[in-house]
Amino acid sequence: MLRGNPLTVLGAELAVGQAAPDFELVTNRWQTVSLADYAGKIKLISVVPSLDTRVCDAQARRFNVEAAGLGDEVVVLTVSADLPYAQARWCGNAGVDRVETLSDYRTMSFALAYGTYIESLRLDQRSVFVIDASDRVVYREYVPVFGQEPDYEAAIVAVRAARGAYVDEKGGGGAA
């Protein structure tokens with residue numbers, strides 16, 4: 001919803017337990033990346049309509065702070081339809097250095113695959129996904145109101161649970 005008006009979002013919502021769909025996104029250096037580029041990592045994917053808004057700015061900054069305590073096996077990605085130039089500028093101005101910003105502007109393939117495409121605005125719906133090291137969705141939240149923040153704590157709990165499973169799988173002896 002935006003200002004009390006419903007928005008049509010395209011793409012099917014993901015379910016916990018399903019395989020994470022592939023995507024094509026653009027880095028701040030204009031390189032194309034896909035899910036395979038993060039193989040073997042736990043992925044916290046924070047999706048925002050635009051980094052140049054108050055709530056999106058707060059969301060990206062919060063996950064940047066959280067990233068410091070998540071370990072090397074976790075990558076934190078922020079996806080928006082902003083141009084890579086704008087994302088790079090925003091990161092520099094905000095001092096964000098632990099989150100990788102990725103742009104969906106070119107094909108909106110992420111938005112369509114993850115069920116976040118607001119076609120009328122050509123933006124991604126605010127959402128959060130946690131994808132484990134074997135590329136399974138272990139957490140997902142679709143935020144229904146444009147200006148509402150996600151449940152940060154629930155996302156971090158999901159990352160830590162996936163991290164614990166990752167450590168056990170690698171022979172580390174338990175959750176960290």
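The values are calculated or read from the model by the stated rules, or taken from the named source; none is laboratory data. Everything numeric here is computed off the predicted structure, so don't read it as measured data. In this analysis, Cβ positions are derived from the backbone assuming ideal geometry, glycine residues included, and neighbour counts consider all displayed protein chains. For accessibility, only protein heavy atoms count, side chains too; no ligands or nucleic acids. Shrake-Rupley method; radii C 1.70, N 1.55, O 1.52, S 1.80 Å.
Some points to look at:
- For region 32-76 versus region 83-100, the gap between their alpha-carbon centres in whole angstrom: 12
- In degrees, nearest ten, helix 152-169 long axis to first principal axis of the chain (Cα): 30
- For M108, net neighbour charge (Lys/Arg +1, Asp/Glu -1) across residues whose Cβ lies under 15 Å away: -4
- Take every DSSP beta bridge whose two residues both sit in region 14-130; close to 45 percent of them are antiparallel.
- Between D52 and S134, the modelled label-to-label distance comes to 4.3 nm, taking each label 7 Å out from Cα in the direction of the beta carbon.
- The computed percent of Cα pairs over 22 Å apart for the structure shown corresponds, within (i) 48; (ii) 40; (iii) 58, to (ii).
- Computed from Cα atoms, the angle from the helix 54-67 axis to the main principal axis of the chain rounds to 10 degrees.
- Mean accessible surface per residue for the chain, computed with a 1.4 Å probe while every protein chain stays in place, in Å²: 46
- Distance (nanometres) between label positions extended 7 Å along Cα→Cβ at A36 and E149: 3.8
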